[in-house]
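What follows is a single structure, written as structure tokens, with notes after it.
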Amino acid sequence: MQLKSIQVTLLFIAFALTFLWLNADTAMSVAPWIDEVMQVDAAVNLYFGNSWVSTAWPSQSQYQFWAANNPLYTLLVYFWISIFGFAPVIVRSLNYVLALAIAWLIADTSQRMGWVRSTWARSLLVVLLACGQGFSFVYRSGRADLVTMLVVVLLLWTYFCVADPIRRRFQLGAIALLLVPSGLQSIPYAALLLGLEYLFSRKLRLPDLTAIGLGCAVGGLILAALFAWNQSLTAYISQTYASGYNMVGAVFQATVVQDSAAISRMQTLIKALSPASVLQTIAADTSVLPLIIFLSGVLLLLWRDRNAEAIPAAIAGLTAAILIPYGMLVAGRYPIYYEWMGAAPLALCFTAALERVWNTRKYGLVSFGIAAAITSILLGMPSVVWREVQKTPPAEYSAIDRILRDEVRPGEVIYGDPVMYYAAKMAGIRFFSTSYAGGRGYPRMTEEERSHISVLIVAPGQAGSSFEKLGGGWTRLRAYRSPYGSTLAIYRRTKTQTQ
């Protein structure tokens, strides 16, 4: 039975408020980490009046205009904290809101297109999307990937739902401007989804695809011009197109630069394309496995029934579950924080198939599907939150603030583990992350930068490499047990000048 519109709205609001409260309340059970700090640092520095620069990025100096993959997310973080203020929970809450917006847009698209018609099925789809393991890893760990997904989902919402062709193509071009700024991974992902759409519809919408392609190209040129104007284009290209973390960049470095490390990375990328490796990659997100099993069951049990409406949805879901990870691996990689790429269309197809077996009163499959949905949800965000809170209750983050307060004096400069980042920024203390000026072939810290750093807070295992990077003499004072499980040792410089 269909719920009334007002009831549906209230249901979504209730879920959204519960989702936001749960994640915000447990946000600090997740340690601030290198990827998060690297991506937000330029926004935080700009917020505090220190320009669009970073003291966390490995390949760029703090004196250089920051240029890296997915600058759109970092810009959104700046606007977000400009409105709501700066605190680690506030920074991370941007991703919680983006997660809800993405889930709502996908559910809305599914309704408009008739893929998922009933209210209960759309509600289930929202919950499956929001609670997916790979999806929740991204929004709970503070990574930038949800902006990538938001831009792609907005693009596909326009592609499917806007009827007027002129308006649709204009909107597609406008949204496609954001593909490159949202992260280069958005391009192969959008191409894979549009390729799947053509595979099942057999309709080549060339004018729409042209609008997307032109918008993407123009957006990339605008971003390149911005970075070139600020003398950062070379750094951007080296970290994106020419990096060793995508197939094109790995081949370039291996064949042109003849970098031995790049050759090793390229070999690793090629090995990841084997069937066993692809299956292992897909299984990394355990929350998708019950959905895959259910769709496989639908396919096997209803294959001979040519009138079974659930069959196309099952085929589409299983195809997406395999083709998207494989396609992204061909493009470069498919880590846990990309797992949402295959999980989102899989959840949509699962919900569509479950609704259709419900409508045809195949109650055995319905029971199977409900059990699969519940299992998928529980394996996702609820389990993730439970494990994180069991390991580190959110209130224990205050120990990080105490370490800083007890060991660092006003005006001092820290070189430290990313876990100290938010505490240092909140206290108005200059902070260099251990990721800064790191890695083979990257710029080294200047003598001036090193001479200003007087306190070192790192795991004991990182002390040696940190001494080498910073120079000078250091004395170990105390060690603390981090609430996140590691040990943090405090070192102070014993000489005024670096060696």
Note on region 229-238: residues part of a helix (DSSP H, G or I) and surrounded by fewer than 15 Cβ atoms within 10 Å (Cβ to Cβ) are Trp229, Thr234
Those residues of region 183-204 which are among the polar types (S, T, N, Q), crowded, with 18+ Cβ neighbours inside 10 Å and part of a helix (DSSP H, G or I) amount to Ser186
Condition set assigned to a loop (DSSP other than H, G, I, E, B) and closer than 16 Å to Pro418 by Cβ, scope region 42-58, selection modelled with the lowest pLDDT: answer is Pro58
### Residue within region 224-231 that is small (Gly, Ala, Ser) and either closer than 28 Å to Ile374 by Cβ or within 24 Å of the chain's Cα centre (by Cα) (or both) present
yes
Checked region 430-473 for anything part of a loop (DSSP other than H, G, I, E, B), aliphatic (A, V, I, L, M) and either without any contact (Cβ under 8 Å) to a residue 40 or more places away in the chain or closer than 20 Å to Ser59 by Cβ (or both); matches are Ala437, Met445
In the set Leu179, Leu124, Leu98, the lone residue that is touching a residue at least 12 places away in the same chain (Cβ under 8 Å) and either outside the structural domain of Val384 (by TED's automatic domain parsing) or within 20 Å of Leu196 (Cβ to Cβ) (or both) is Leu179
Within region 348-364, the residues that are surrounded by fewer than 23 Cβ atoms within 10 Å (Cβ to Cβ) and assigned to a helix (DSSP H, G or I) are Trp358, Asn359, Tyr363, Gly364
Flagged in region 331-347 as surrounded by fewer than 24 Cβ atoms within 10 Å (Cβ to Cβ) and more than 16 Å from Gln280 (Cβ to Cβ), in numbering order, are Ala331, Gly332, Tyr337, Pro345
All conditions in (1) closer than 15 Å to Ala87 by Cα; (2) buried (at least 16 other Cβ atoms within 10 Å of the Cβ); (3) not assigned by TED's automatic domain parsing to the domain that holds Asn359 are true of Phe48 except (2)
Restricting region 59-81 to residues that are in a loop (DSSP other than H, G, I, E, B) and surrounded by fewer than 19 Cβ atoms within 10 Å (Cβ to Cβ), the one nearest to the chain's Cα centre (by Cα) turns out to be Gln64
Note to self: Here is a check on your reading of the model: is Pro275 modelled with pLDDT of 80 or more, more than 23 Å from the chain's Cα centre (by Cα) and not hydrophobic (A, V, I, L, M, F, W, C)?
What the structure shows: yes
Among the residues in region 297-315, are any crowded, with 19+ Cβ neighbours inside 10 Å, of a type outside the set (S, T, N, Q) and under 26 Å from the mean Cα position of the chain (by Cα)? no
Residues of region 3-16 being at pLDDT 90 or above and either surrounded by 11 or more Cβ atoms within 10 Å (Cβ to Cβ) or outside the structural domain of Val127 (by TED's automatic domain parsing) (or both), in sequence order, are Phe15, Ala16
Expected single match for surrounded by fewer than 12 Cβ atoms within 10 Å (Cβ to Cβ), in contact with a Pro (Cβ under 8 Å, 6 or more places away or on another chain) and modelled with pLDDT under 95 among Gly464, Gly485, Gly439, Gly411 is Gly439
Given the criteria surrounded by fewer than 21 Cβ atoms within 10 Å (Cβ to Cβ) and aliphatic (A, V, I, L, M), does Val97 qualify? yes
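The values are calculated or read from the model by the stated rules, or taken from the named source; none is laboratory data. Every value quoted in this text rests on a predicted model; they were computed, and no experiment measured them. Glycine gets a Cβ as well: all are built from the backbone with ideal geometry, and neighbour counts include every protein chain shown.
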